[in-house]
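Below: the structure, in structure tokens.
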Amino acid sequence: MVRLVTDSAADLSQDMIARYSLKVAPLLVHDGERQYRDAVEIRPKTVYDDMRGGKSFKTSQATPESFLEIFRSCSDADEVLYLAFSSGLSGTYNSGLIARDLYKEEGGKARIEIVDTRAASGAFGLIVYEVARRAEAGASFDELIAYSESLIERIDHLFTVDDLEYLFRGGRLSRSSALIGGLLNIKPILSVAEGKLTPIEKSRGRLKSIKRICELMGERTAGKSLKDQTVFVYHGDDLEAAHKLQELIQEAHGVETFVIGEVGAVIGAHTGPGVLAAFYLKPESK
């Protein structure tokens with residue numbers, strides 16, 4: 001039997017976690033007074049509301065102890081596949097490696113493989129979702145590893161933030177850039193490349209940035225059809241904007257299957273409320 005493990009930076013819904021019997025290691029969120037286990041002791045809405053009120057949050061990796069506990073709990077599995085948050089954005093992947101070594105040292109029998117997805121939030125979640133579906137269909141352990149690696153090569157992140165102040169607070173932007181960008185109503189569009197946050201371009205105004213994400217999906221896939229893709233549209237406490245982006249993608253690209261989700265507390269602590277993203281798989285090369 002194969003057991004799938006992931007971590008809370010995949011921002012998967014509780015329904016999806018239950019549907020595919022996923023084991024999830026929580027990253028940690030700190031508000032300056034106490035520490036919370038992501039998606040267990042704190043919810044995205046709480047973080048976004050507090051950030052609007054001026055509070056700042058910090059985050060830290062899931063601990064080796066949390067992974068060791070999960071690996072031990074997989075006693076019914078012969079094989080365990082941990083799909084990990086990008087090692088370029090967090091030390092969580094390394095915590096998994098440490099836990100695997102500890103598990104082996106104490107005599108654990110399951111074969112454990114760890115894959116660095118080089119992805120975050122809904123892009124990471126989309127990889128986990130597709131691998132879980134393939135596992136349910138009966139794929140072997142080695143087939144699941146190979147499939148996950150093929151998805152990593154195809155995954156794309158496109159997202160925008162609504163307020164540059166939060167990128168400044170998180171150390172991603174200088175104070176002067178945040179101030180000037182705010183005055184000019186600049187909305188940056190970003191991606192993740194080789195597992196690291198990468199700016200793509202800038203738009204003026206919220207609606208233009210939303211439309212530009214939709215346009216970039218076509219440009220970054222060389223006009224290939226996205227009709228059969230499942231697109232994850234994620235937001236930071238702005239469901240209206242998520243539905244607008246979904247509508248644009250549906251009209252422009254003919255996509256029929258969407259998952260609307262919320263950017264979780266860990267990623268949201270750095271992007272702030274109003275973050276909006278489209279995560280999708282680039283069509284396979286023929």
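The values are calculated or read from the model by the stated rules, or taken from the named source; none is laboratory data. In this text the structure is predicted, and so the values were computed from the model without any measurement. Note that we place each Cβ from the backbone using ideal geometry, even for glycine, and neighbour counts take in every protein chain shown.
Of the residues that make up the range 144-158, is at least one of a type in the set (S, T, N, Q) and modelled with pLDDT of 80 or more?
Of the residues in the range 144-158, the ones of a type in the set (S, T, N, Q) are 148, 150.
Going one step further and asking which of them are modelled with pLDDT of 80 or more, we end up with 148, 150.
Yes, the range 144-158 contains at least one residue that is of a type in the set (S, T, N, Q) and modelled with pLDDT of 80 or more.
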Review point. Residues in the range 42-92 that are out of contact with any Pro (no Cβ under 9 Å at 6 or more places or on another chain), under 25 Å from A135 (Cβ atoms) and among the polar types (S, T, N, Q): how many?
Key: 6
Point to revise | Single residue of the range 1-53 satisfying the filter (polar (S, T, N, Q) and in a strand (DSSP E or B)) that is farthest from G195 (Cα to Cα) | key: Q35
Practice item. State which residue is nearest to the chain's Cα centre (by Cα) when the search covers only the range 102-146 and only residues that are surrounded by 16 or more Cβ atoms within 10 Å (Cβ to Cβ) and among the hydroxyl-bearing types (S, T, Y). Key: S121
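Within the range 102-115, take every residue that is part of a loop (DSSP other than H, G, I, E, B) and touching a helix residue (DSSP H, G or I) at 6+ places or on another chain (Cβ under 8 Å) and give me the one that is nearest to A132 (Cα to Cα).
Applying the filter and picking the extreme gives A110.
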Check your understanding: Regarding A99, is this residue in the same structural domain as D76 (by TED's automatic domain parsing), touching a Pro at 6+ places or on another chain (Cβ under 6 Å) and either surrounded by 21 or more Cβ atoms within 10 Å (Cβ to Cβ) or not in a helix (DSSP H, G or I) (or both)?
Key -> yes
**Study point:** Output for the range 58-106, where each listed residue is acidic (D, E) and touching a residue at least 24 places away in the same chain (Cβ under 8 Å)
**Key:** E65, D76, D78, E79
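Per-residue answers, yes or no, for (1) within 22 Å of the chain's Cα centre (by Cα); (2) at pLDDT below 95; (3) exposed (fewer than 15 other Cβ atoms within 10 Å of the Cβ):
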| site | (1), (2), (3) |
| --- | --- |
| I186 | no, yes, no |
| I189 | yes, yes, no |
| L197 | yes, yes, no |
| E201 | yes, yes, yes |
| G205 | no, yes, yes |
| S209 | yes, no, no |
| I213 | yes, no, no |
| L216 | yes, no, no |
| G223 | no, yes, yes |
Study note, to complete from the structure: The correct count of residues that are closer than 30 Å to E136 by Cβ and either part of a loop (DSSP other than H, G, I, E, B) or among the acidic types (D, E) (or both) in the range 54-72 is 5
Check your understanding: Before we move on, is G261 outside the structural domain of I17 (by TED's automatic domain parsing) and buried (at least 22 other Cβ atoms within 10 Å of the Cβ)?
Key -> yes
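For the range 233-286, give me the residue count where each residue is in a strand (DSSP E or B) and either under 16 Å from E215 (Cα atoms) or among the charged types (D, E, K, R) (or both).
8
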Practice item. Select from the range 20-67 the residues that are closer than 18 Å to S90 by Cβ and among the hydrophobic types (A, V, I, L, M, F, W, C) and list them in ascending order. Key: V24, A25, L27, L28, V29, A39, V40, I42, V47, F57, A62, F67
Exercise for review: Identify the single condition in (1) more than 16 Å from D163 (Cβ to Cβ); (2) β-branched (V, I, T); (3) touching a residue at least 60 places away in the same chain (Cβ under 8 Å) that T257 does not satisfy, given that it satisfies every other one.
Suggested key: (3)
**Study point:** Residue pairs meeting the criteria (Cβ under 8 Å; at least 6 apart or on separate chains; first closer than 19 Å to V128 by Cβ, in the range 220-233; second modelled with pLDDT under 95 and part of a loop (DSSP other than H, G, I, E, B))
**Key:** Q229/P283
